[in-house]
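Chemist: The structure under discussion is supplied below as structure tokens; questions concerning it will follow.
The values are calculated or read from the model by the stated rules, or taken from the named source; none is laboratory data. Since the structure is predicted, the reported quantities are computational estimates derived from the model, not experimental observations. With ligands, DNA and RNA removed, areas are computed over all heavy atoms of the protein, side chains included. Shrake-Rupley method; radii C 1.70, N 1.55, O 1.52, S 1.80 Å.
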Amino acid sequence: MKINLKVLTCFLLIFTVVVSCSEKKKESLVGENQIQQPINPNGDSELALLMRQMYDEAQLIKEQINKGEPIEINLNHEKILTAHATQPEKAASEEYRAFANLYLQSIKNLQSANANEVANIYDNMVVSCMTCHKVLCPGPMVKIKQLQ
Ligand code: HEC
């Protein structure tokens, strides 16, 4: 009986991780008619929505750098520390906070970067996305690679 419960808990844990942190699985759910539907069957968490906005903003910044235009940072990135996550215990962990602070520092560096260094500092920012994802949420890494 005890063992069965353990196995069940493991199973549930693995399932939750797959649902909230696997970009591949989600993309397959976004069928032609479902593009406007929430991707997560339980509704998207505040953190998941923020992450998508961060992704979109990073993509714009990449384009601005490639065109030699000044970059624009408009999102409130500090929300990464408080936004509600699909797995709240993950975002409350010390690891998460350490990675989040590194990320926030890389955004500050980007804000104060001059034209000569902005491309390198942008690369470092994407690395800081990757570092957190590698440890806590590997699913979206394939997508984040596209920002490099
Ligand atoms: C401090 C850790 C951390 C950092 C830094 C981080 N992420 Fe995330 N990211 C997460 C976690 C945790 C989730 C799962 C969110 C949830 O489901 O609530 C996530 C989810 C995502 C998702 C999937 C969102 C969805 O649709 O469910 C994408 C895409 C993403 N992140 C991209 C990025 C990008 C791009 C950056 C950098 C600009 C970044 N992340 C920085 C931890 C991080």
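Chemist: With Ile80, Ile71 as the choices, which residue is more than 23 Å from Cys21 (Cα to Cα) and of a type in the set (A, V, I, L, M, F, W, C)?
Modeler: Ile71
Chemist: Could you tell me whether any residue of the stretch 120-134 is open to solvent by 80 Å² or more (accessible area, probe 1.4 Å) and within 12 Å of the chain's Cα centre (by Cα)?
Modeler: Looking through the stretch 120-134, at least one residue is open to solvent by 80 Å² or more (accessible area, probe 1.4 Å) and within 12 Å of the chain's Cα centre (by Cα).
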